[in-house]
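The values are calculated or read from the model by the stated rules, or taken from the named source; none is laboratory data. Note that the structure is predicted; figures quoted are calculated from it, not measured. Here the Cβ positions follow ideal geometry from the backbone for every residue, glycine too, while neighbour counts run over all protein chains shown. Calculation scope for accessible area: heavy atoms of the full protein, side chains included, ligands and nucleic acids excluded. Shrake-Rupley method; radii C 1.70, N 1.55, O 1.52, S 1.80 Å.
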Amino acid sequence: MKEAFQVIVSMKNGTDTYEGASEGERARINLVLALVLGDLASLRSNKKLTFRFLDEPFEKMDESGTESVVSVLNAHKDEY
């Protein structure tokens, strides 16, 4: 059975679409999606997946974005 889901991008300032986001914003969105999809895979398999694959999460990101990503990864380092 194929299930469908939708990802909604909501930002305080700026665009309401993924396509309208800057490259750095899209990189942060992609990071969140990678973490969420890993959690979804864990949930669907009834197994704790203790790893995540991230492909160049800091690419095209400014200093502020890099700090945000490091903060998110540090917050989840014991979990993944």
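Residues that are within 21 Å of Ala75 (Cβ to Cβ), open to solvent by 70 Å² or more (accessible area, probe 1.4 Å) and among the hydrophobic types (A, V, I, L, M, F, W, C) occur in the range 25-36; there is at least one. Looking across the range 65-80 at every residue that is in contact with a helix residue (DSSP H, G or I) (Cβ under 8 Å, 6 or more places away or on another chain) and not aliphatic (A, V, I, L, M), the one that is surrounded by the fewest Cβ atoms within 10 Å (Cβ to Cβ) is identified as His76.
Report yes if some residue within the range 27-43 is charged (D, E, K, R) and either in a loop (DSSP other than H, G, I, E, B) or within 15 Å of Gly65 (Cβ to Cβ) (or both); otherwise report no. Checked the range 27-43: at least one residue is charged (D, E, K, R) and either in a loop (DSSP other than H, G, I, E, B) or within 15 Å of Gly65 (Cβ to Cβ) (or both). Residues in the range 37-55 that are modelled with pLDDT of 85 or more and open to solvent by 80 Å² or more (accessible area, probe 1.4 Å) were compared, and the one that is nearest to the chain's Cα centre (by Cα) is Leu37. Beta carbons closer than 9 Å, at least 6 apart along the sequence or on distinct chains, pair a first residue in the range 7-32 that is farther than 16 Å from Met61 by Cβ and among the polar types (S, T, N, Q) with a second that is assigned to a helix (DSSP H, G or I) and open to solvent by less than 60 Å² (accessible area, probe 1.4 Å) for Thr15/Glu25. Filtered by the rule that a residue be within 11 Å of Gly24 (Cα to Cα), in a helix (DSSP H, G or I) and not charged (D, E, K, R), the range 44-67 gives Ser64, Gly65, Thr66. In the range 46-57, the residues that are without any contact (Cβ under 8 Å) to a residue 24 or more places away in the chain never reach a residue that is open to solvent by 100 Å² or more (accessible area, probe 1.4 Å) with C-beta atoms less than 9 angstrom apart, at least six apart or across chains.
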